[in-house]
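Engineer: Pasting a structure below so you can have a look.
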Amino acid sequence: MGDVADAAGSYEPIGGALYWIKGNNENFDAIAADDFPPELRHIPNASAVTVGGLRVAGLGGTFAPTMFELAPGELPHPKKGTAKATALADRRRHFVRAEVESCKRLRGVDVLLTHEAPSPFRVTVPGGRRPNDAGKPAITEIIAAVRPRLHLFGHHHRFAEIDVHGVRSVCLDLVSRSYLLIDGRTLKYDVVS
């Protein structure tokens, strides 16, 4: 879920349709200009598209307390030193409350894509300390309101399955390690390593 640009901030053709949401490591200028290969089909925040008969909705980007209460586009975008927004804190890396509230009003969603995890999502920390909750309550609120048949997220880049308000929620691994094959009718999936 997101982080589709390569290290130089480029979007390469992949030979087939890929519906995606933004991550936190993207070329946000290219996204704003809709400047990527036609088979890469970006799903803007708080919107839904129909893919193979399934309604797919998305909320890309990460949670930042300093950005959350802003209106979309409220801050000017800082100058960036690289094509990717990793060097400087580009506001477009983050979702805001207005987008969360818009997502919560979506109905008939089969698959919800978010970059961030719902809360609680426990991430193991080195040294045997108690796992931190890396999830975000805003994502949990969206799942509870929308009730998708399946929720997929990817920010943490490790495969994990959890239940959130009775909804299957899956953290996707790096595609170089594993991916899911999903049955479009049942939304049951197999993990392929």
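Engineer: Do you know which of the residues in the stretch 21-41 that are modelled with pLDDT under 90 and charged (D, E, K, R) is farthest from the chain's Cα centre (by Cα)?
Structural biologist: D29
Engineer: So which pairs qualify, if the first residue must be in the stretch 169-193 and part of a loop (DSSP other than H, G, I, E, B), the second must be of a type in the set (D, E), the Cβ gap must be under 8 Å, and the two must be at least 6 apart or on different chains?
Structural biologist: L187/D110
Engineer: Residue check, L18 against (1) in contact (Cβ under 8 Å) with a residue 40 or more places away in the chain; (2) under 14 Å from the mean Cα position of the chain (by Cα); (3) surrounded by fewer than 16 Cβ atoms within 10 Å (Cβ to Cβ), all met but one. Which one?
Structural biologist: Condition not satisfied by L18: (1).
Engineer: Report every pair of residues separated by at least 6 positions or lying on different chains whose Cβ atoms are under 7 Å apart, first residue within the stretch 94-115 and more than 14 Å from F68 (Cβ to Cβ), second among the aromatic types (F, W, Y) and surrounded by 19 or more Cβ atoms within 10 Å (Cβ to Cβ).
Structural biologist: Listed by first residue and then by second, the contacts come to T114/F153; H115/F153.
Engineer: For the stretch 42-60, what are the residues that are in contact (Cβ under 8 Å) with a residue 40 or more places away in the chain, part of a loop (DSSP other than H, G, I, E, B) and either within 14 Å of the chain's Cα centre (by Cα) or surrounded by 13 or more Cβ atoms within 10 Å (Cβ to Cβ) (or both)?
Structural biologist: I43, N45, A46, G60
Engineer: Have a look at I139, I143 and point out the one that is assigned to a helix (DSSP H, G or I) and within 22 Å of V4 (Cα to Cα). Full working, then the answer.
Structural biologist: Details: I143 fails: within 22 Å of V4 (Cα to Cα).
Result: I139 is the single residue among I139, I143 that is assigned to a helix (DSSP H, G or I) and within 22 Å of V4 (Cα to Cα).
Engineer: How many residues are part of a loop (DSSP other than H, G, I, E, B), at pLDDT 95 or above and surrounded by 15 or more Cβ atoms within 10 Å (Cβ to Cβ) when one looks only at the stretch 65-114?
Structural biologist: So the answer is 3.
Engineer: Moving to a separate point now. Go through the stretch 13-41 and report how many residues are farther than 24 Å from G53 by Cα and either out of contact with any strand residue (DSSP E or B) (no Cβ under 9 Å at 6 or more places or on another chain) or part of a helix (DSSP H, G or I) (or both).
Structural biologist: 10
Engineer: Out of the stretch 152-168, which residues are out of contact with any Leu (no Cβ under 6 Å at 6 or more places or on another chain), closer than 18 Å to G108 by Cβ and part of a strand (DSSP E or B)?
Structural biologist: Matches in the stretch 152-168: V167 only.
Engineer: Quick check: anything in the stretch 151-160 buried (at least 17 other Cβ atoms within 10 Å of the Cβ), aliphatic (A, V, I, L, M) and either in contact with a strand residue (DSSP E or B) (Cβ under 9 Å, 6 or more places away or on another chain) or at pLDDT 90 or above (or both)?
Structural biologist: Yes - at least one qualifying residue is present in the stretch 151-160.
Engineer: For the structure I just gave you, tell me whether L180 is at pLDDT below 95 and under 18 Å from Y19 (Cα atoms).
Structural biologist: Considered against the rule, which asks whether it is at pLDDT below 95 and under 18 Å from Y19 (Cα atoms), L180 comes out as yes.
The values are calculated or read from the model by the stated rules, or taken from the named source; none is laboratory data. It should be emphasised that the depicted structure is a prediction, and the values quoted were computed from it without experimental measurement. Positions of Cβ are backbone-derived with ideal geometry, glycine not excepted, and every protein chain shown enters the neighbour counts.
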